[in-house]
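The values are calculated or read from the model by the stated rules, or taken from the named source; none is laboratory data. Treat the numbers as computed from the prediction; the structure is a model and nothing was measured. Positions of Cβ are backbone-derived with ideal geometry, glycine not excepted, and every protein chain shown enters the neighbour counts.
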Amino acid sequence: MLRVINRFQKVAGFDRAIALASSALTALIPLAIIGSIVRQALGGADTAQRIIDRYGLTGGGAEAVRDIFAPPSGTTTSLGIVGVFFLLIAVLSFTRGMQRLFEQTWELKPLSVRNTVNGLLWIAGLGLYVSLTSVLHALFGRSKLELSSNLLTMPLSAAFFVWSGWVLSAKRIARRDLVAFGVVAAILSGCYAIGATVYVPHLFDTYATRYGVIGAVFAMISTLFCVMVVIVGSAAAGREVHDELAKIRRGEQPPEDEIRREWDEVIAEARSRWNVAREQFEERRARRRERKAR
């Protein structure tokens with residue numbers, strides 16, 4: 001556990017999660033609106049209705065979600081060249097964020113834009129994964145906590161997470177090395193999905209009632225942040241579990257002072273981050289004092 005915490009700190013887990021959640025919101029809302037238009041043209045439910053049905057939203061929460069994903073009346077929904085360009089930038093920003101997560105966790109050399117093709121492939125796979133899980137929830141999500149659908153989704157989630165790490169790392173991480181990550185991520189995301197069926201409707205209703213449409217956006221970013229914490233934490237845990245299993249297979253014995261050393265590393269990393277945060281706070285306070293003095 002200490003090694004997992006240390007790995008999570010090394011990749012700046014919470015900062016990474018909020019960055020991924022923000023880029024996911026920026027990329028996925030336009031994609032969801034486009035997907036909604038396509039599904040409606042094919043006779044299916046739009047994105048807003050799918051979210052409302054998935055979490056059983058009512059009242060202000062349901063209305064705010066409809067306002068977010070419904071294009072304004074009387075406006076065109078076609079995308080021009082500039083619109084497509086900015087949509088691609090938003091999508092690729094999200095894929096590169098996910099890519100950097102795997103590169104930092106597995107200590108790989110950054111590829112940045114050189115992995116763009118794999119990033120676009122991953123977005124297509126993400127769309128397929130979301131569609132399949134939505135079908136499973138629609139078919140088997142009968143109970144309040146949707147236990148059956150979440151259990152059936154876990155194997156699919158494990159396969160998707162393993163494939164994600166393999167593709168976004170440009171196949172530099174072997175799929176067998178990602179199995180631990182896939183299993184941990186599938187279990188934790190399934191547990192979070194069960195809790196989200198209870199918590200997310202309350203979150204949407206509360207925020208939407210207080211702040212209107214922007215409140216629904218706050219609820220979405222909060223939900224995405226929790227999802228990204230699960231993914232980042234699973235990546236850290238998966239890397240450490242894989243390394244530990246590899247040591248066991250090689251017959252290596254852990255050193256007697258391993259726990260103490262790991263604890264010292266966790267404390268040192270926490271102190272380092274605290275000192276950086278304190279210095280940044282002091283710098284901001286000094287700048288505010290200078291502005292007031294002028």
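When segment 19-51 is limited to residues that are farther than 25 Å from SER149 by Cα and buried (at least 21 other Cβ atoms within 10 Å of the Cβ), the one that is modelled with the lowest pLDDT turns out to be ALA27. A single entry from ARG16, ARG54 fulfils the requirement of being modelled with pLDDT of 75 or more and crowded, with 16+ Cβ neighbours inside 10 Å: ARG16.
Inside segment 233-247, residues that are loosely packed, with under 14 Cβ neighbours inside 10 Å and either at positive phi or within 16 Å of the chain's Cα centre (by Cα) (or both) make up a count of 0. Can you confirm whether segment 60-70 contains a residue that is in contact with a Ser or Thr (Cβ under 6 Å, 6 or more places away or on another chain), small (Gly, Ala, Ser) and modelled with pLDDT of 85 or more? Within segment 60-70, not a single residue is in contact with a Ser or Thr (Cβ under 6 Å, 6 or more places away or on another chain), small (Gly, Ala, Ser) and modelled with pLDDT of 85 or more.
Please enumerate the residues belonging to segment 156-193 that are of a type in the set (A, V, I, L, M), touching a residue at least 12 places away in the same chain (Cβ under 8 Å) and either surrounded by fewer than 17 Cβ atoms within 10 Å (Cβ to Cβ) or within 11 Å of PHE102 (Cβ to Cβ) (or both).
LEU156, ALA159, VAL167, LEU168, ALA170, ILE173, LEU178, ILE187
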